[in-house]
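Novice: Okay, here's the structure, questions in a sec.
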Amino acid sequence: MGVEKGTRDSDIEREEDLDEEPGEVIESAPPLKVGEERELGNSGIKKKLLKRGLGWETPEFNDEVTVHYVGTLLDGTKFDSTRDRDSSVIMKLGQGEVVAGLDHGIITMKKGERALFTLPPELGFGVAGRDVVPTNSFVRYEVELVSWIKVVDVSKDGGIIKKIVEKGDKHERPGDLDEVLVKYQVALADGTIVAKTLEEGIEFYVKDGHLCPALPKATMTMKRGEKVKLVVQPQYAFGQEGKDASDAICPVPPNSTLYIDLELTSFKPVIDVTGDAKVFKKILKEGEGSLVANEGATVTSKYSDIGKINLVSYTARLEDGTVFERKGIDDGQPLQFITDEEQVIAGLDQAVATMKKGEHAILTVKPEYGFGNIETKRDLAIVPPSSILVYEVEMLDFIKEKTPWEMNNQEKIKAAERKKEEGNLLFKSGKYLRAGKKYDKAASYVGEEEIFGDDEQKLVTAMRVTCWLNKAACSLKLNDFQGAIKLCSKVLGIEFYNIKALYRRAQALIQTTDLVSADMDIKKALEVDPQNREVKLIQKTLKQLQAESNKRDAKLYSNMFADMTKQTSAITKKLKVERADDDMKNVEPVAMEMENVADNSCPPDNGKAVDSC
């Protein structure tokens with residue numbers, strides 16, 4: 001029953017004292033202990049653990065594994081051994097290169113693990129047998145998993161096969177917008193090198209592609225620092241036409257398969273800040289922690305020219321490199337501003353709100369979020385109309401406003417009052433969207449979930465109602481009628497006969513053509529204040545709309561009745577015709593009978609006169 005170099009009892013004894021490591025889970029069973037044997041599911045394969053492996057990862061089908069193995073019969077007769085040949089073997093799992101059952105066993109192993117597998121005939125050599133292996137024999141393999149290379153079908157059709165030579169760090173992979181730095185060497189099947197990067201590598205944006213279609217596709221599956229070998233079929237390389245020589249590549253014959261050694265050295269994440277591809281942020285250096293300078297935070301920023309981060313503290317430029325603004329240079333004061341206060345261009349404002357302390361980033365801002373289509377004079381140059389702007393930003397620090405749970409009740413009330421007043425100023429200047437945000441913020445400080453004393457409750461309730469009403473007014477200005485209805489309804493849930501809420505909800509209801517509900521709100525408002533001028537004016541408007549609606553309805557019904565009358569007339573006429581036809585059908589047989597009677601009573605006279613018929 002022995003296997004060459006046996007089941008090594010000494011190894012088992014040494015391993016039993018080790019702490020248990022996570023192992024393969026078989027139908028929710030606990031990991032195997034050294035010396036324990038168990039069937040792998042219902043496969044008929046038995047596995048006995050001889051030595052634990054390292055880590056927790058195991059290979060998968062299609063991976064290339066390097067193994068040592070010794071194959072024996074149950075009586076110990078050896079029929080195959082890589083150890084005797086003093087050379088491990090590389091095999092692709094799932095291909096049954098040794099025997100099918102061995103592949104199923106190896107996918108349960110960790111690097112460095114040694115195990116003994118007992119395989120049934122159908123997963124071994126079956127009825128055919130092999131040399132010294134009789135027909136229908138159980139066989140054993142003692143296997144050591146030396147290492148393996150992860151193999152990935154990138155294109156899912158065999159067109160781009162990736163073999164991971166060295167794993168990357170972390171878990172992030174570049175996205176379509178990101179800028180990557182890679183090194184590669186490209187060879188043909190005969191070993192001819194047709195392209196190679198310099199030692200420092202080459203940068204490109206994934207979405208723009210590089211070299212051949214396979215390169216960006218493979219790069220998006222890689223982690224920072226990962227090294228791979230790619231086998232690229234012609235359809236993902238240079239296809240049927242091949243590639244002519246250029247500065248970057250030697251000639252590639254038609255229908256060539258490429259063999260690419262590729263390393264993802266690093267990448268710079270690029271974020272679509274506004275979601276419409278008009279403000280992009282490329283992160284040059286990650287910031288600290290997870291907090292960002294969101295709305296209301298006082299921001300301290302400095303900018304630096306591209307490639308001169310350590311020398312320049314703030315630079316803003318045009319696409320052609322023209323610098324139009326610098327601040328914070330030569331120990332000057334860095335720029336300070338509050339986000340969402342229109343103190344800087346919208347693109348810079350929104351991008352900075354996504355940055356962490358210590359973060360460095362390049363911003364590319366389209367005109368819609370920059371200075372628009374007007375010429376603008378800045379400190380160092382004039383910005384032409386419709387210019388794309390480039391900023392390089394370092395977030396020095398920011399101070400966030402206190403959140404409600406960090407305040408006492410008096411601080412909450414004061415903060416709400418301040419935000420409400422800021423909203424009022426914005427509303428008066430026609431900035432309804434920003435004003436609405438201020439009212440939202442104010443209401444959040446005195447929200448219904450906050451706990452206030454009895455002497456404060458009346459005040460905070462009134463504050464909430466005012467903020468909701470003001471936000472409803474903003475919604476009406478912005479044609480957000482459903483939003484206005486919702487806010488006014490919240491107010492009416494507290495103050496059933498609040499005239500402003502009834503009036504503004506009626507306005508919104510009219511715009512949504514719900515004239516019946518609008519009429520109800522107007523009548524309720526007039527019950528409270530019969531002489532209210534605004535309500536009476538909107539009632540007049542409503543009556544005009546109702547009259548127009550009634551006219552349209554009357555015309556519609558008139559047309560409907562006219563159509564119905566025409567249809568009824570047509571149906572009646574049709575019925576009369578059908579009835580007349582039916583009557584004629586009934587008359588014809590009688591006429592025929594009469595005709596027959598006449599014929600029978602007046603037989604032919606054969607040319608002679610008849611006295612009577």
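The values are calculated or read from the model by the stated rules, or taken from the named source; none is laboratory data. What you see is a predicted model, and the numbers here were worked out from it, not measured in a lab. Here Cβ is always computed from backbone atoms with ideal geometry, including for glycine, and neighbour counts include all displayed protein chains. Remember, those area values only see protein heavy atoms, side chains included, never the ligands or the DNA or RNA. Shrake-Rupley method; radii C 1.70, N 1.55, O 1.52, S 1.80 Å.
Novice: Return the residue satisfying two criteria in turn: it lies in the stretch 530-543 and is closer than 11 Å to Leu515 by Cβ and either in contact with a strand residue (DSSP E or B) (Cβ under 9 Å, 6 or more places away or on another chain) or of a type outside the set (Lys, Arg) (or both), and of such residues it is surrounded by the most Cβ atoms within 10 Å (Cβ to Cβ). Before you say what the answer is, go through the steps one by one.
Specialist: Applying the first criterion (closer than 11 Å to Leu515 by Cβ) to the stretch 530-543 yields 541-543.
Those still in the list that are either in contact with a strand residue (DSSP E or B) (Cβ under 9 Å, 6 or more places away or on another chain) or of a type outside the set (Lys, Arg) (or both) too: 541-542.
On the way: Thr541: 15, Leu542: 19.
My answer is Leu542.
Novice: How many residues are assigned to a loop (DSSP other than H, G, I, E, B), in contact with a strand residue (DSSP E or B) (Cβ under 9 Å, 6 or more places away or on another chain) and closer than 19 Å to Val194 by Cα when one looks only at the stretch 212-244?
Specialist: 7
Novice: Does the stretch 189-202 include one or more residues that are buried (at least 17 other Cβ atoms within 10 Å of the Cβ), farther than 30 Å from Lys48 by Cα, β-branched (Val, Ile, Thr) and touching a Phe, Trp or Tyr at 6+ places or on another chain (Cβ under 6 Å)?
Specialist: Residues of the stretch 189-202 buried (at least 17 other Cβ atoms within 10 Å of the Cβ): 194-195, 197.
Those left that are additionally farther than 30 Å from Lys48 by Cα: 194-195, 197.
If we keep only those that are β-branched (Val, Ile, Thr) as well, we get 194, 197.
Next, only the ones that are touching a Phe, Trp or Tyr at 6+ places or on another chain (Cβ under 6 Å) stay: 197.
Yes.
Novice: Here is a follow-up. Any idea which of Asp379, Asp397 is closer than 15 Å to Thr315 by Cα and acidic (Asp, Glu)? Break it down into steps so the answer makes sense when it comes.
Specialist: Working: Asp397 fails: closer than 15 Å to Thr315 by Cα.
Sole residue among the options that is closer than 15 Å to Thr315 by Cα and acidic (Asp, Glu): Asp379.
Novice: Can you find, within the stretch 475-505, the residue that is surrounded by the most Cβ atoms within 10 Å (Cβ to Cβ) among those that are in contact with a Phe, Trp or Tyr (Cβ under 6 Å, 6 or more places away or on another chain) and basic (Lys, Arg)? Break it down stepwise before answering.
Specialist: Step one: list which residues in the stretch 475-505 are in contact with a Phe, Trp or Tyr (Cβ under 6 Å, 6 or more places away or on another chain), which gives 477-478, 487, 490-491.
Retained after the next criterion (residues that are basic (Lys, Arg)): 477, 490.
Values: Lys477: 15, Lys490: 18.
Going through the qualifying residues, I end up with Lys490.
Novice: Now for a different question. For the stretch 382-395, which residues satisfy the criterion of being at pLDDT 95 or above and on the phi < 0 side of the Ramachandran plot? Break it down into steps so the answer makes sense when it comes.
Specialist: Initially, the stretch 382-395 is screened for residues at pLDDT 95 or above, giving 382-390.
Selection gives Ile382, Val383, Pro384, Pro385, Ser387, Ile388, Leu389, Val390.
Novice: Quick check: is even one residue across the stretch 219-228 touching a Ser or Thr at 6+ places or on another chain (Cβ under 7 Å), open to solvent by 20 Å² or more (accessible area, probe 1.4 Å) and over 26 Å from Pro269 (Cβ atoms)?
Specialist: The answer is no; no qualifying residue exists.
Novice: May I pose another question? Just checking, which of Ala508, Ala462 is of a type in the set (A, V, I, L, M), open to solvent by less than 20 Å² (accessible area, probe 1.4 Å) and in a helix (DSSP H, G or I)? Quick ask: steps written out before the conclusion?
Specialist: On the way: Ala462 fails: open to solvent by less than 20 Å² (accessible area, probe 1.4 Å).
Going through Ala508, Ala462 in turn, just one is of a type in the set (A, V, I, L, M), open to solvent by less than 20 Å² (accessible area, probe 1.4 Å) and in a helix (DSSP H, G or I): Ala508.
Novice: Go through the stretch 156-165 and report how many residues are modelled with pLDDT of 95 or more and either in contact with a Gly (Cβ under 6 Å, 6 or more places away or on another chain) or of a type in the set (Gly, Ala, Ser) (or both).
Specialist: 1
Novice: Of the conditions (1) touching a Lys or Arg at 6+ places or on another chain (Cβ under 6 Å); (2) open to solvent by 20 Å² or more (accessible area, probe 1.4 Å); (3) among the hydrophobic types (A, V, I, L, M, F, W, C), Ala472 satisfies every one except a single condition; which number is it?
Specialist: In the conditions (1) touching a Lys or Arg at 6+ places or on another chain (Cβ under 6 Å); (2) open to solvent by 20 Å² or more (accessible area, probe 1.4 Å); (3) among the hydrophobic types (A, V, I, L, M, F, W, C), Ala472 misses (2) alone.
Novice: Let me ask something additional. Thr257 versus (1) buried (at least 16 other Cβ atoms within 10 Å of the Cβ); (2) modelled with pLDDT of 95 or more: which is the lone unmet condition?
Specialist: So the condition that Thr257 fails would be (1).
Listed here are the residues, each with its yes/no results for (1) surrounded by fewer than 17 Cβ atoms within 10 Å (Cβ to Cβ); (2) modelled with pLDDT under 95; (3) hydroxyl-bearing (Ser, Thr, Tyr); (4) within 30 Å of Val228 (Cβ to Cβ).
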residue: Gly2; (1), (2), (3), (4): yes, yes, no, no
residue: Asp9; (1), (2), (3), (4): yes, yes, no, no
residue: Pro22; (1), (2), (3), (4): yes, yes, no, yes
residue: Glu27; (1), (2), (3), (4): yes, yes, no, no
residue: Lys33; (1), (2), (3), (4): yes, yes, no, no
residue: Glu57; (1), (2), (3), (4): yes, yes, no, yes
residue: Phe61; (1), (2), (3), (4): yes, yes, no, yes
residue: Val67; (1), (2), (3), (4): no, no, no, yes
residue: Thr72; (1), (2), (3), (4): no, no, yes, no
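Novice: Filtering the stretch 308-367 down to residues that are open to solvent by 40 Å² or more (accessible area, probe 1.4 Å) and among the hydrophobic types (A, V, I, L, M, F, W, C), which residue is modelled with the highest pLDDT?
Specialist: Ala346
Novice: Quick one: in the stretch 424-444, which of the residues that are farther than 21 Å from Val460 by Cβ and of a type in the set (Lys, Arg) is surrounded by the fewest Cβ atoms within 10 Å (Cβ to Cβ)? Step through it out loud before you land on a result.
Specialist: Kept after step one, since they are farther than 21 Å from Val460 by Cβ, are these residues of the stretch 424-444: 425-434.
Of the ones still in play, those that are also of a type in the set (Lys, Arg) are 428, 431, 434.
Numbers: Lys428: 9, Lys431: 16, Arg434: 17.
Within the stretch 424-444, the match that is surrounded by the fewest Cβ atoms within 10 Å (Cβ to Cβ) is Lys428.
Novice: Follow-up question, since we're still on this one. Looking at Asn479, Asn470, Asn424, which one is at pLDDT 95 or above, out of contact with any Pro (no Cβ under 7 Å at 6 or more places or on another chain) and not in a helix (DSSP H, G or I)?
Specialist: Numbers: Asn470 fails: not in a helix (DSSP H, G or I); Asn424 fails: not in a helix (DSSP H, G or I).
It is Asn479.
Novice: Return the residue satisfying two criteria in turn: it lies in the stretch 74-102 and is in a helix (DSSP H, G or I) and open to solvent by 20 Å² or more (accessible area, probe 1.4 Å), and of such residues it is nearest to Lys163 (Cα to Cα). Write out each step before concluding.
Specialist: Going through the stretch 74-102, the residues in a helix (DSSP H, G or I) turn out to be 82-85, 100-102.
Narrowing the set further to residues that are open to solvent by 20 Å² or more (accessible area, probe 1.4 Å) leaves 83-85, 100.
Working: Arg83: 26, Asp84: 29, Arg85: 27, Ala100: 22 Å.
Among those that are in a helix (DSSP H, G or I) and open to solvent by 20 Å² or more (accessible area, probe 1.4 Å), it is Ala100.
Novice: Output the number of the condition that Asp208 fails; it satisfies all remaining conditions of (1) open to solvent by 30 Å² or more (accessible area, probe 1.4 Å); (2) in contact (Cβ under 8 Å) with a residue 24 or more places away in the chain.
Specialist: Evaluating Asp208 over (1) open to solvent by 30 Å² or more (accessible area, probe 1.4 Å); (2) in contact (Cβ under 8 Å) with a residue 24 or more places away in the chain leaves (2) as the failure.
Novice: I need a count of the residues in the stretch 131-148 that are touching a residue at least 40 places away in the same chain (Cβ under 8 Å) and more than 30 Å from Gly35 (Cβ to Cβ).
Specialist: Residues flagged as touching a residue at least 40 places away in the same chain (Cβ under 8 Å) and more than 30 Å from Gly35 (Cβ to Cβ) within the stretch 131-148 amount to 1.
Novice: Name the residue, out of Asp397, Asp379, that is charged (D, E, K, R), in a strand (DSSP E or B) and either farther than 19 Å from Lys282 by Cβ or under 27 Å from the mean Cα position of the chain (by Cα) (or both).
Specialist: Working: Asp379 fails: in a strand (DSSP E or B).
The match here is Asp397.
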